[in-house]
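Here is the structure we will look at, set down as structure tokens.
Nothing in this text is a laboratory measurement; each read-out follows from the coordinates by a stated rule. This structure is a prediction, so every number in the text was calculated from the model and none was measured. Here the Cβ positions follow ideal geometry from the backbone for every residue, glycine too, while neighbour counts run over all protein chains shown.
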Amino acid sequence: MWNHKDSYRVRNGIVPASAIEHSSLGLVFFPAFDWKISATHPERQERLLYTRDQIVEEGLLDVPNIREYNPIVADWDVIERVHVGAPDLQSWVTDAHRVSAGGAIAAADAVLQGEVDRAFALVRPPGHHAMAMVHGIRGFCTINIEAVMIQHIRQTYGVKRVAIVDTDVHHGDGSQDVFYHDPDTLYISFHQDGRTLYPGTGFMDEFGGPQAIGANIDIPLPPGTGDEGLLKVMRELVLPILHEFKPDIVINSAGQDNHFSDPLANMNVTAKGYAELVDLLQADVAVLEGGYSVQAALPYVNTGIILSMAGLDYSRVIEPNYVEQHQSANVTKYIDDLIVKWKQQWARRDEMAREALVGHTDRWVHDYSVYYDESGVQEQRRETVRLYEDKIGWHSIESYGNYGPYAKQSVYAMFIPWQADDATREEAFTEARKAQQRGGLQRYVVVDPLGSGQIELKGK
């Protein structure tokens, strides 16, 4: 059973709890010197260099239970077991993206090999807006570095049940997309309401695909939410759901743009509030996501997170421009009501799972569009899910991209679930070849994450 106060090493018998005085923490830094939106954009190398300067100034790298690790370069193979690119991944993915994903992998390796209790990957570029299909850059994200990391740990260590808690102010629509049909990956996101902020998604009715109802928890919070609101959501909603789900490992997509000084959002969270949030969650691995108050907030928020994850005192962490934040009574009432609604929906998840299948036979089809705000691509998708009574089925995407630097692109992608048996795998390949025979798209690809990886179907 997952216990939010125990590290991965304790839960898996690597070390006894009595042997741990302070949690050991691994840190991975990669500021991505060769990747930036522009010289003055918050998404640039300085956003991590300021943090590193602060950590060095505080002497945190000299603390005995904090250990620094170097990132690695993620193999193309592990990336291609998560993503399909149009026209291909190489057209979009830079070396910086591969090292960022490799930094997350290095952090996870340090934890799962029993070298540290927890790890924090402070890496750029970010990833949680990147979907399984990649036509370009969305919300500064090209590949989903947490998803690539999770693919690695499943493939390498046999980890099955994974929980992702996304604390970024923006809904992680990419992470949701990658895992929407996987009942063994719980994605929880609390974020500023999508009616008021990019990407405009992340509502209660996005509850997981037809074979994974209850595995996607979106908690849209009102602008003006502060420490009080976030901590209440964590205590009263997120932690109880985690206890019921019983994950083998917990990942924190550690966005920091809920901070009161962040220029891209409208929340009122403080650096100390973040540290307390992290202390409650006790994630095994944290991966840096958004946060664009480059000098006023990030060095201090990251310092608080590091102290918290290392089991050290974070009570004196305070930003130089700190102003006492007050959450309004209306915001508090809204959050209280939202928690009640979510508890009711969570209790009905089995009933809702049955209702989701009403009117469907062995196929579930969904049409929708995706806009790539950084690349100007408008994508149209048709998603088909194979429904079985007793196991997880494949899902396919027919994807058509317009505009952007590569003109019109079309890809058929078949995604085999990592839980697939031989019969499911065989049927998925058969279905993909049938689609290829019908024609009409430029590429036909099968992704077999724990099998043969990504396979390009050639000929007819």
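Brief remarks on what is shown
- Rounded tilt (10° steps) of 271-281 against the dominant C-alpha axis of the chain: 60
- Listed options for log10 I(q)/I(0) by the Debye sum over Cα atoms at q = 0.08, 0.09, 0.12 Å⁻¹ are (i) -0.69, -0.81, -1.10; (ii) -0.43, -0.55, -1.01; (iii) -0.52, -0.66, -1.11. The value calculated from this structure is the one marked (ii).
- Calculated FRET value between ASN402 and MET352, using beta carbons and R₀ = 30 Å, to 0.05: 0.30
- Under 5 Å between amide hydrogens, built in the peptide plane, is the criterion, and for GLY226 it picks out ASN268 among residues at least 5 positions away or on other chains.
- Across the options PRO449, LEU242, THR40, the greatest Cα extent toward the positive end of the charge dipole of the chain (unit charges at beta carbon of Lys, Arg, Asp, Glu) belongs to PRO449.
- Dipole magnitude of the stretch 369-460 about its Cα centre (Cβ charges: Lys, Arg +1; Asp, Glu -1), debye to nearest 20: 500
- Net charge dipole, the chain: roughly 820 debye, given to the nearest 20, about the Cα centre with Cβ charges of +1 for Lys and Arg and -1 for Asp and Glu.
- Extension gain for GLU244-ASP362 works out to 39.6 nm (0.36 nm per residue, less the C-alpha to C-alpha distance).
- Farthest toward positive dipole pole in the chain [+1 Lys/Arg, -1 Asp/Glu at C-beta], among ILE14, ALA297, GLY202: GLY202
- Span from the the stretch 55-119 Cα centroid across to the the stretch 322-363 one, whole angstrom: 33
- Value at 222 nm in deg cm²/dmol, rounded to 500, when DSSP H runs of n ≥ 4 in the chain each add -39,500 (n - 2.57): -9000 deg cm²/dmol
- For the pair ARG67 and GLN437, label points projected 7 Å from Cα toward Cβ lie 5.5 nm apart.
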